Amino acid sequence: MGGFEDDEPPSKRARASSVEPASLLDSFSCLKPAAPLGSTMARPLPSQGKEAMVGSKGVIKRDEFVRIITKALYSLGYEKSGAVLEEESGITLHSPTVNLFRRQVLDGNWDSAVVTLKKVGLLDENIVKSAIFLILEQKFLELLRNDNVMGAIRTLQSEITPLGVNKKRVHELSGCIISSPQHVLLGLSKLGIESSNSRLKLLEELQKVLPPTVMVPERRLENLLEQALTVQREACYFHNSIDGLSLYTDHHCGKDQIPSCTVQVLRAHRDEVWFLQFSNNGKYLASASNDKSAIIWKVDEDGELLLKHTLTGHDKPVMMVAWSPDDCQLLTCGMEEVIRRWDVESGKCLHVYEKSGIGLISCGWFPDGKHILSGLTDHNFCLWDLDGKEVDCWKGQRSSKTSDFAVSKDGKLIISMNRESTIRLFDRETKQERLIEEDNTITSFSLSEDGDFLLVNLTSEAIHLWNIRNCPIRVNRYAGHKRSRFVIRSCFGGSEQAFIASGSEDSQIYIWHRATGDLIETLPGHTGTVNCVSWNPANPHMLASASDDHTIRIWGLKKANLKRKDVGSSNGIYANGNTPSNGVVHQCNGNSSK
């Protein structure tokens, strides 16, 4: 967000505004008698009565309004503009006593600062003591820094301790005298005493203690504006904007901000498309198919998806894909087969992971990008390093056909199936587990970006939202889509993940408002079951869906004269139905690293 457009610098505008009124007075001096001494024409005084309030509602006090603007100008470095505003308005940011106090603090005149503080006129003795404590604490720490141990001891014993404030901190300060490393950790790091702006930080701490009528809080104008924008955003039912909120107009998003129009159809797969997922940075899309292949698509600058690599080598259908944290590598998992790791840029297979006599049914990355996790057909989970060495293996689901799992960003929490209707939240450090128990069979689940919520798909044609921050609590329910035979996947998406999207067996995509549970869009277009959906994490206006009709649809905003683009054999990208002309087919065979 920019400021007002003006050809003149702030200082020049300020000078002009203060001079022009004087010129007008001079031109009318011959018509009116000279103003007596003390006339309000010499300097505007704070307005009285109704004029003491500004704004159409009459709830904003003029003096507070001006002081907050003045504070913002000084904070932004516009010293001259701030001073001019104080002079023109007649409303000073601080009283002379407070200005003296601030100067004494910045100069390190601690004793004088304490005396001046007592003259400010604060009625609450506890506030006075708390402020004095902060001042004397800074004095104590600076004495220690200057190796004046005896001075620090006297300050602690005769000035700080008698205040009777924050006894725990007083004990910590006492320890600073004994242990040098301790005083660095407890004292110097707390207020940044080792840096040149430590006294400015002290002023900020004092502003938190003292009433705002005495010292206007730092960044108060920014905080008020942020609050106003936040309220507007939270009140915006369809909020899904890419652009930031503007101060110039009230914020409002219409339903047209939801991706509900097919902008592209991808036809590169030769069979049902079971899974797809955008990369973490939103620059790529990976899809998995019953045709035993996976495809990496690149999202170009115009938002069009282009085929980058076709990844072949699996002997069975590809169940799912998983992006590495840095999006440089991709895992593909065959149905009860092996996991293959691919280089995204070159499309080469880097390694094949397998376990003798046991099939692998799911794959995922650990947050460090150095380990991968897999679900096995024997209901165990296995952790591998990138070279294929088995690092850990533990018991997973007891009896379930669902292979989904998720890992928290810190790698501590592993979420997996426990029974057909139970999800297990396992803490690898404490070895403790929590359970989510549903009344119906679970078909799939997905974890929110912040790791606090889990979206659970059920055979009962319902999707449940669980808060798993502490004890799991179900917070919402979404319904309307169809599911009777297949695994249907849903996802979080949109700006701040404010929406829920899901596939459906009736060939449509369903979109709900996450907070209210309202169904807000039903998107037709596919001619077969929609198995999976993925919302671009970097572009809330882009949604992808995978279907049994062999296609992937990319959904965007409705725009005038928008022509749908088909990628596949129909537009020449597939010259002979098998080999793409703008992408490369990569094969990976065998069980060793390539």
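At a glance:
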| quantity | calculated |
| --- | --- |
| Of every Cα-Cα pair in segment 255-556, the percent that sits beyond 25 Å | 44 percent |
| Stokes-Einstein translational diffusion, segment 241-311 - Kirkwood Rh over all Cα pairs, 0.890 mPa s, 25 °C, in µm²/s | 169 µm²/s |
| Largest-first ordering by accessible area, 1.4 Å probe, given options VAL407, VAL273, VAL149 | VAL149, VAL407, VAL273 |
| Cα-based Rg of segment 287-373 normalised by 2.2 N^0.38 Å, two decimals | 1.07 |
| Dimensionless Rg ratio for segment 411-536, taking C-alpha atoms and the 2.2 N^0.38 Å reference | 1.05 |
| Under-5 Å amide H pairs with PHE275, H placed in peptide plane, nonlocal only | ALA288 |
| ³J(HN,Hα) computed for each position of segment 231-242 - Karplus, 6.51 cos²θ - 1.76 cosθ + 1.60, integer Hz, glycine/proline x | 4, 5, 5, 5, 7, 7, 4, 9, 4, 7, 7, 7 |
| Distance (nanometres) between label positions extended 7 Å along Cα→Cβ at ARG485 and LEU306 | 3.9 nm |
| Derived scalar couplings ³J(HN,Hα) [segment 508-525; Karplus, 6.51 cos²θ - 1.76 cosθ + 1.60; whole Hz; x for Gly, Pro] | 10, 10, 10, 10, 10, 7, 4, 6, 8, x, 6, 7, 10, 8, 10, 10, x, x |
| Accessible area expressed per residue, segment 255-556, with surrounding protein chains retained (probe 1.4 Å, Å²) | 38 Å² |
| Net lengthening on full extension, ASN126/THR527 (0.36 nm per residue, minus Cα-Cα) | 137.2 nm |
| When the convex hull of its Cα atoms is projected in every direction, mean area for segment 94-215 (nm²) | 6.9 nm² |
| With every protein chain in place, segment 255-556: carbon and sulfur % of accessible area (1.4 Å) | 44 percent |
| Euclidean distance between Cα centres, segment 343-357 to segment 46-99, Å | 65 Å |
| Karplus (6.51, -1.76, 1.60) ³J(HN,Hα), θ = phi - 60°, over segment 345-362, in Hz, Gly and Pro reported as x | 5, 8, x, 7, 7, 9, 6, 10, 10, 8, 9, 4, x, 10, x, 9, 10, 7 |
| Per-pair calculated FRET efficiency, R0 = 51 Å: ARG474 and ILE242 via Cβ, rounded to 0.05 | 0.95 |
| Exposure ranking of ASP385, ASP518 by accessible area [1.4 Å probe, largest first] | ASP518, ASP385 |
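The values are calculated or read from the model by the stated rules, or taken from the named source; none is laboratory data. Remember, it's a predicted structure, so these values are computed and weren't measured experimentally. Here Cβ is always computed from backbone atoms with ideal geometry, including for glycine, and neighbour counts include all displayed protein chains. Calculation scope for accessible area: heavy atoms of the full protein, side chains included, ligands and nucleic acids excluded. Shrake-Rupley method; radii C 1.70, N 1.55, O 1.52, S 1.80 Å.
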